[in-house]
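Participant: Please read through the structure below; I'll follow up with questions.
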Amino acid sequence: MRPDAPVPVPDPTRLELDYRTAFDQAPIGLVLSRQRLIVDCNRQLLEMFGAARELLVGHSFEQLYPSHAEFERTGARIVASLNASGWYADERVMKRFGGPQRGELFWCHVSGRSLDPARPHAAGIWSFEDLSSRRRVGVELTPREREIAALLIEGLTSKLIGKRLAISPRTVDVYRARLMKKHGASTTPELVHKLLRAS
């Protein structure tokens, strides 16, 4: 072919789309769920959580959370926060399932969609992005502190956090004060900056 010859364009009608390969090779963790059970997941998710497929598929998401309380409260938050199209996203602390980092807590961005917004947990498609390379869990926090820290990072006020978690704004302020003390922060912006810091 001459250097100035036009590059042939493949005919899209002849391309065979292998959706299974696309799912397995996606650069973020992907999960198909029913009633908060993992129906299927891709290789990236298995690597992220350090798990073998048979230990996740058919099992509850609960084993990927730091505590039972966080699993339950996140489920309730998803139900309360789905938009009209069934979309939901947040950042939360999750737990490695196995491998050399077994039990390690890490920040994770989770987004997804319920296939039936009227029944949020009936069936869904979820993506998981490991944020640990740029944000580490450097201070030991309680489950509630982790939840409030995640919502402070989103920029929510005490009133909005209280509404999201079904607690009073005053209770949020108490937890925020604890977080500020643990992180050595004197203001909320400084706290958020320290929560976002990678070390």
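The values are calculated or read from the model by the stated rules, or taken from the named source; none is laboratory data. Everything quoted here is computed from the prediction, not taken from an experiment. A quick note on method: Cβ atoms are made from the backbone with ideal geometry, for glycine too, and the neighbour counts reach across all protein chains shown.
Participant: Quick check on this structure: which one of R119, R53 is of a type in the set (D, E, K, R) and surrounded by 14 or more Cβ atoms within 10 Å (Cβ to Cβ)?
Facilitator: Numbers: R119 fails: surrounded by 14 or more Cβ atoms within 10 Å (Cβ to Cβ).
Among R119, R53, only R53 is of a type in the set (D, E, K, R) and surrounded by 14 or more Cβ atoms within 10 Å (Cβ to Cβ).
Participant: Here's another thing I want to ask about it. Determine the pairs where a residue that is over 16 Å from K95 (Cα atoms), located within the range 38-51, has a partner that is of a type in the set (D, E) with Cβ atoms under 7 Å apart, the partner being 6 or more residues away or on another chain.
Facilitator: Pairs found: N42/D24; R43/D24.
Participant: Identify, by number, the condition in (1) touching a Lys or Arg at 6+ places or on another chain (Cβ under 7 Å); (2) acidic (D, E); (3) at pLDDT 95 or above that E104 doesn't meet.
Facilitator: Going through (1) touching a Lys or Arg at 6+ places or on another chain (Cβ under 7 Å); (2) acidic (D, E); (3) at pLDDT 95 or above one by one, E104 breaks only (3).
Participant: Let me ask something else. Of (1) over 18 Å from I38 (Cα atoms); (2) surrounded by fewer than 16 Cβ atoms within 10 Å (Cβ to Cβ); (3) modelled with pLDDT under 90, V79 satisfies all except one. Which?
Facilitator: It is condition (1) that V79 fails.
Participant: Can you name the number of the only condition in (1) crowded, with 18+ Cβ neighbours inside 10 Å; (2) closer than 18 Å to R102 by Cα; (3) at pLDDT 95 or above; (4) not acidic (D, E) that L30 fails?
Facilitator: Condition not satisfied by L30: (2).
Participant: Return the total of residues in the range 135-186 being in contact (Cβ under 8 Å) with a residue 12 or more places away in the chain, within 19 Å of A76 (Cα to Cα) and outside any helix (DSSP H, G or I).
Facilitator: Number satisfying all stated conditions: 2.
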